[in-house]
Amino acid sequence: MLAGGPADGLRMQVAGRPSVVQVTHPCRVETPADGVQVAALYVYRRRLGETGGILTYGYDSASP
């Protein structure tokens, strides 16, 4: 489950226990070049020591 940031509350399945999950969101562009797409990138880091059976990733606002 993702906690905080733009994807707060989103639940997903991941293979293994990766330490970082990247979430992208498409952005609108005024005059896109042929075939060019722009996406905002958000980084979520695995929270260590979480209990309760749900693997949780917290939003990392300091990541580019």
Selected residue (criterion: farthest from LEU2 (Cα to Cα)) from residues of the stretch 28-64 that are of a type in the set (D, E, K, R) and part of a loop (DSSP other than H, G, I, E, B): ASP34
Residues in the stretch 37-50: is at least one within 9 Å of the chain's Cα centre (by Cα) and open to solvent by 80 Å² or more (accessible area, probe 1.4 Å)? yes
How many of the residues in the stretch 12-27 are open to solvent by 100 Å² or more (accessible area, probe 1.4 Å), touching a strand residue (DSSP E or B) at 6+ places or on another chain (Cβ under 8 Å) and either in contact (Cβ under 8 Å) with a residue 60 or more places away in the chain or part of a loop (DSSP other than H, G, I, E, B) (or both)? 1
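Could you list, in sequence order, all residues of the stretch 1-10 that are assigned to a loop (DSSP other than H, G, I, E, B) and surrounded by 10 or more Cβ atoms within 10 Å (Cβ to Cβ)?
Within the stretch 1-10, MET1, GLY4, GLY5, PRO6, ALA7, ASP8, LEU10 qualify.
The values are calculated or read from the model by the stated rules, or taken from the named source; none is laboratory data. Please read all numbers here as calculations on a predicted model, not as lab measurements. Quick reminder, even Gly has a Cβ in these numbers, built from the backbone with ideal geometry, and neighbours come from all protein chains shown. Quick note on the areas: whole protein, heavy atoms, side chains included, nothing else; ligands and nucleic acids left out. Shrake-Rupley method; radii C 1.70, N 1.55, O 1.52, S 1.80 Å.
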